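Take this structure first; my questions come after.
The values are calculated or read from the model by the stated rules, or taken from the named source; none is laboratory data. Since we're looking at a predicted model, the values are computed, not measured. For neighbour counting, all protein chains shown are included, and Cβ atoms are generated from backbone atoms with ideal geometry for every residue, glycine included.
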Amino acid sequence: MEYIATIEEENKEIANRYKDLLKGTYEVLSKEDKEMIRKAFDISLDAHSKQRRKTGEPYIFHPIAVAKIVANEIGLDAISIASALLHDVVEDTDYTTEDMEHLFGKTIAKIVKGLTKISRLNKEQDASIQAENFRKMLLTLNDDVRVILIKIADRLHNMQTMDAMPANKQVKIASETLYIYAPLAHRLGLYNIKIELEDLGLKYTEPESYKGILNKITESKADQQKYLKRFENTLKSGLDKENFEYEIKGRFKSIYSIRKKMITQNVTFDEVYDKYAIRIIYEPNSNDDKFDAWKIYTIVTDYFKPNPSRLRDWISQPKSTGYEALHITVVGPDSQWVEVQIRSNRMNEIAEKGYAAHFKYKQVESKDDGLESWLNKLKETLETQNLNAVDFVENFKLNLYSKEIYVFTPNGDLKSLPKDATALDFAFSIHTDIGLKCRGVKVNGKLVPLSHQLKSGDQIEVITTANKKPNSRWLDFVITARAKAKIRAALKEEEKIISDEGKAILMRKLRHLKISFNEKIVNELVNYFKLRTSFDLFFRIGNGAIDNSQLKSFVSQRNRKILNFFKTKLRRNTVEKENSNLEEVSHKYDALVFGKEEQKLDYTSSKCCNPISGDKVFGFITINDGIKVHKMNCSNAISLQSNYAYRIIPAKWIDSTKQDFKVILQIAGVDNQGMANDVTRIISNNMGVFIHSINIKSDEGIFDGKLSISVKNSSQLNRLIKNLQKIEGIKKVERVNTL
């Protein structure tokens, strides 16, 4: 629809929108607050006076709308409202950050600078660049959380007014919104904004699905109003008898959540059984609104039969965002399942405003103290900034949408963890050292594997040992960002130790071969073994992947080249050309393995996404063509994983020189005191060898046993066998071919 208005009409509309902004503020504004907001408005109005939005409207409509979301829906303070009005001034006009500091002070200047930094991120690049942009934005959480809150408000208004944009831009911005902004709003407790962002995201990414569900909701609105009235009339006498002041509201669940259920449950709109929710919002008639919530729960269940498995008690243990409520699912009128949410006015305000209302009711000494306290809960998700950008964003997202479970320490302290967290995740949540030295875990008094998934109510005890080292397999089952980051850091440290040892071995072996150890020879070795860095070279020598015979082959080839160099100039030029064309390739990801057992299976790459070494992938078992490998972000991935989950097989690229291989060793000999200790000591002293099990039987001075271990390669295994054979009393150490 074309925008048409005179200058006078525009000025009048701008004035009305500004007044409306001030009327809707959540916080009570002082005279000084109003003066600061007015000053910010005047500067923004002047700075954007020559700009228009894609719709043709004056640009100032946008900052006013963002400030209104900040003031009314998120409930932030005057500093945030002023910053929202100014959020595009430095980005789009001649004003600088220094001007902002001079006019408004350091706090507003810092927030506007943070918002400008986010706006300048290049959003036209490929996935890895986009992930890097998201990383930079997420790290502003460490500066001032208001930057992110205002950015979410900015994104919401852009999504609300995106009709004038080209279709490809709409899809791109909507995808970004669903990928990061909606999960952020969820994690910040901004549930109303999260729902709107998700619905608008679906509107542009799946327009037909969006319209179909919206039409069905619209068609059934009158029926739902009648249903709500029947529900309310049934409860009225019970609630009135207890003298509650209350309001009963009904609403359809969001279009996005209905669509998600239709996909995950493979059902139609009519078959989604809990798409409608009823909310009872009450004014407490006692000093304890939690006690009153349970009283209302009793009244509801007196009239309607509840589903016990669908009770969600967010009152005894609120979500980490501060959200409190009782959710119950009951058999309502006409035998329909209905979700009933019970909230006091206080709980409802926290649910809708998130951070602002939470700290208003917590009565912290200052708003900044409240911000800092709240932000500390998120900082764990930012500990992984040393990862590559894609992994960083993926890890961060793990912490955004995850549901929570509540478990107990041996002392009875309650800890919150993401749903599906493992026993090892719990160990790392207590302390990094406890996680790294974790040898075993007892859940409810019973010893379980470190990969055991925890459930709410579990009591957990961690068993540690001083000489325990982390294992690369741990990364396959931990889910928290903290655990993943700490394990990766520890593995890197262990690799560094192996690399340092490898460097010393290389220096020693080159000396024996009468070759000087210097940067030139190291570069030649890196090229010869087709590696990327000297670290890769030293590591492979340290763990035995590159052995003495391979080094001798390198020396022989090098000597031949030197000889040929002196034979003819032509030969020398040819050799130089060959050297210059040597491809520096990394074999970091040179093998693809499938399933938990990490098996090597036959496969073909799918033509739809053409995965290459190092890509995040999964296997899909086809009917006629065996296993086809797809990239995780393949356009067909969501469809395949939703509709054919039973045919999906996990897959990952590995570095075969770092892969663990399971081996069974049979040992036999004359039994001596301390034999088992000697065996375990030798194995533990061989870096990188992992013990699965030891089974030794002794009979009248003769022993026989089996060791199940993991090794990196055959060189390491042969070295271990030789060391075991040196133990007094051991007569035989043999590898068993079958497990």
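Given the criterion surrounded by fewer than 15 Cβ atoms within 10 Å (Cβ to Cβ), of a type outside the set (D, E, K, R), touching a Lys or Arg at 6+ places or on another chain (Cβ under 8 Å) and free of Cβ contacts under 8 Å to residues at least 60 places away in the same chain, identify the matching residue among N518, N523, N548, N559.
N548
Out of curiosity, is S710 over 18 Å from K468 (Cα atoms), in a strand (DSSP E or B), small (G, A, S) and not assigned by TED's automatic domain parsing to the domain that holds P449?
No; evaluated as a whole, the condition is false for this residue.
Take the range 38-60 and flag every residue that is assigned to a helix (DSSP H, G or I), touching a residue at least 40 places away in the same chain (Cβ under 8 Å) and surrounded by fewer than 17 Cβ atoms within 10 Å (Cβ to Cβ).
First, the residues of the range 38-60 that are assigned to a helix (DSSP H, G or I): 38-47.
Then drop every residue that is not touching a residue at least 40 places away in the same chain (Cβ under 8 Å), which leaves 39-41, 43-44, 47.
Within the range 38-60, K39 is the sole residue that qualifies.
Can you tell me which residues in the range 68-85 are of a type in the set (A, V, I, L, M, F, W, C) and free of Cβ contacts under 8 Å to residues at least 60 places away in the same chain?
Within the range 68-85, A71, A78, A82, L85 qualify.
Taking the residues in the range 665-681 that are crowded, with 17+ Cβ neighbours inside 10 Å and among the β-branched types (V, I, T) as candidates, determine which candidate is modelled with the lowest pLDDT.
Only one residue tops the list, namely V679.
Let me ask you something else. One residue is enough: does the range 30-37 have a residue meeting the conditions aliphatic (A, V, I, L, M), at pLDDT 90 or above and surrounded by 12 or more Cβ atoms within 10 Å (Cβ to Cβ)? Please lay out each step first, then the result.
So the first thing to find is which residues in the range 30-37 are aliphatic (A, V, I, L, M), and the list is 36-37.
Restricting the remaining residues to those that are at pLDDT 90 or above gives 36-37.
So of that shortlist, the ones also surrounded by 12 or more Cβ atoms within 10 Å (Cβ to Cβ) come out as 36-37.
Yes, because at least one residue in the range 30-37 is aliphatic (A, V, I, L, M), at pLDDT 90 or above and surrounded by 12 or more Cβ atoms within 10 Å (Cβ to Cβ).
Test Y256 against the criterion of being part of a helix (DSSP H, G or I) and not acidic (D, E), and give yes or no.
On the way: part of a helix (DSSP H, G or I): yes; not acidic (D, E): yes.
Taking the combined requirement at face value, the residue satisfies it.
Do we have T533 as closer than 23 Å to K712 by Cβ and modelled with pLDDT under 85 here? Break it down into steps so the answer makes sense when it comes.
Details: closer than 23 Å to K712 by Cβ: yes; modelled with pLDDT under 85: yes.
In short, yes.
Considering only the range 224-244, how many residues are surrounded by fewer than 12 Cβ atoms within 10 Å (Cβ to Cβ) and outside any helix (DSSP H, G or I)?
1
Could I ask something else about it? Can you confirm whether the range 65-88 contains a residue that is within 20 Å of T116 (Cβ to Cβ), of a type in the set (A, V, I, L, M), modelled with pLDDT of 90 or more and not in a helix (DSSP H, G or I)?
Among the residues of the range 65-88, at least one is within 20 Å of T116 (Cβ to Cβ), of a type in the set (A, V, I, L, M), modelled with pLDDT of 90 or more and not in a helix (DSSP H, G or I), which makes the answer yes.
Also, quick follow-up: Could you look through the range 682-701, keep only residues that are assigned to a loop (DSSP other than H, G, I, E, B) and in contact with a helix residue (DSSP H, G or I) (Cβ under 8 Å, 6 or more places away or on another chain), and pick out the one that is modelled with the lowest pLDDT?
Restricting to residues being assigned to a loop (DSSP other than H, G, I, E, B) and in contact with a helix residue (DSSP H, G or I) (Cβ under 8 Å, 6 or more places away or on another chain), the top hit is M687.
Could you please find all residues in the range 178-198 being crowded, with 24+ Cβ neighbours inside 10 Å and not in a helix (DSSP H, G or I)?
Those that are crowded, with 24+ Cβ neighbours inside 10 Å and not in a helix (DSSP H, G or I): G189, L190.
Kindly provide the set of residues from the range 194-204 that are out of contact with any Leu (no Cβ under 7 Å at 6 or more places or on another chain), more than 15 Å from M262 (Cβ to Cβ) and of a type outside the set (A, V, I, L, M, F, W, C), ordered by number. It would help to see each step written out before you state the result.
Of all residues in the range 194-204, those out of contact with any Leu (no Cβ under 7 Å at 6 or more places or on another chain) come to 194-195, 199-200, 202-204.
This time we only want the ones that are more than 15 Å from M262 (Cβ to Cβ), so: 194-195, 200, 203-204.
Passing the criteria: K194, K203, Y204.
Would you confirm whether any residue within the range 296-307 is crowded, with 18+ Cβ neighbours inside 10 Å, outside any helix (DSSP H, G or I) and modelled with pLDDT of 85 or more?
yes
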